[in-house]
Amino acid sequence: MASAPARSSRSFPRASAGVALALTLAAGGTSAAFGSSEGAEAAPTAECTTDGFCEDFESQTGTQPSGRWSAGAPDCTGTGSASVDSSVAHTGSQSIRVNGGTGYCNHMFVGTELTDVAVDSGLYVRFWMQHSTPLPTQHVTFLAMEDAAHNNSDLRMGGQNSAMQWNREYDDATLPAQSPVGVSLSVPLPTDEWVCVEYQIDPAGLLETWVNGESVEGLHLDGTPTQDVEQQWMNGGAWQPDLTDLRFGWESYGEGSDTLWYDDIAVGTTRVGC
C-alpha cells in the first residue's frame, strides 16, 4: 500500500452549544422546522441521541458547506471538490457531494470537530452513503478522523483490493489484513445505491463496523488477535485513539476516482441504527 506523506494539522469548525442544539435533528430525516419533501424516502425510526448530533443537511442554504461543516484538505487538493447537492439525497432534498479525483493531491473532505461529543465514553457514527465507482485495488479513503493520541495522524475508513478496510496512518496497519483471506472477510461498497454504514469505537480501542445493519467480520476488532483479521493491527501495541474530528470525502494514494454523496449522519455514544 502507498502511504500518505506526513500531514499538516487541520481545523474544522467547533460547534457552539447553540449550533449543536440546532443540528440535533431526527436521525436520517428532516427537522421539524424544515419538514420533509413530498415523495422523499421515509425517515429511519431511530432517534438521535442527546449526547451527540445528527445532520441531514436540510438547513444548508448555499452550495458550500457551512455551520459546523467546512470543506478542505489537510495537505493539497487539485480537481477534488465538495458541495451541498440539491439533486441527490437519501431523505429530504439535500446531501453533501464530493468529487474525488485520482492521485494524492486530489484530497477533499467535508468535516467537523467533535468537541460536543463525549468520545471518551465511546463513539458511534452512522451515515448513509452513495458512490458511483467500485472501490479500486489500490488504497483509498472515504472517511477520516484525526487521532490526537498518535501525533494527529488519521484513522481512515476506505478500501483496498476492492473491499472496505480500516487503516491507521501512523503505522499503516489495516483491518482486515490485506491477505486474500482477510479481504474475503470484508465486503465491497455497493455503487449507485444508498448504503447505511455504522461503526463503534470503544474507549478500550475495540471497533465494530456494520453495513446495512450487518456486522462485517473483517472490520471487527474484538481484542483477540486473529490471523488475517486484526493480528497485524494488534501487533502495533495497545491502541486507544483520541478522536477529535470527523471528515467525509476522498483520498486516493494511487489509482481511483469517485463521486460520493453523504447524508443523514448520526454521531453519539450509543447506537441509533439504520
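The values are calculated or read from the model by the stated rules, or taken from the named source; none is laboratory data. What you are looking at is a predicted structure, and each value in this text was computed from that prediction instead of being measured. So basically every Cβ, Gly included, is an ideal-geometry build from the backbone, and we count neighbours across all protein chains shown.
Residue-level check: of (1) out of contact with any strand residue (DSSP E or B) (no Cβ under 8 Å at 6 or more places or on another chain); (2) surrounded by fewer than 19 Cβ atoms within 10 Å (Cβ to Cβ); (3) among the hydrophobic types (A, V, I, L, M, F, W, C), A148 misses just (1).
Under the condition of being crowded, with 21+ Cβ neighbours inside 10 Å and touching a residue at least 60 places away in the same chain (Cβ under 8 Å), the residues counted in the range 167-182 number 3.
Candidates Q94, Q60, Q64, Q130: the one that is under 17 Å from V197 (Cα atoms) and either under 15 Å from the mean Cα position of the chain (by Cα) or at pLDDT 95 or above (or both) is Q130.
The residues of the range 244-274 that are crowded, with 24+ Cβ neighbours inside 10 Å and touching a Lys or Arg at 6+ places or on another chain (Cβ under 6 Å) amount to a single one, A266.
In the range 67-91, of all residues being in a loop (DSSP other than H, G, I, E, B) and surrounded by fewer than 19 Cβ atoms within 10 Å (Cβ to Cβ), the one that is modelled with the lowest pLDDT corresponds to D75. For D116, indicate whether it is in contact with a helix residue (DSSP H, G or I) (Cβ under 7 Å, 6 or more places away or on another chain) and either surrounded by 22 or more Cβ atoms within 10 Å (Cβ to Cβ) or in a loop (DSSP other than H, G, I, E, B) (or both). Yes; evaluated as a whole, the condition is true for this residue. Within the range 243-266, the set of residues being in a strand (DSSP E or B) and over 25 Å from S132 (Cβ atoms) comprises L243, D245.
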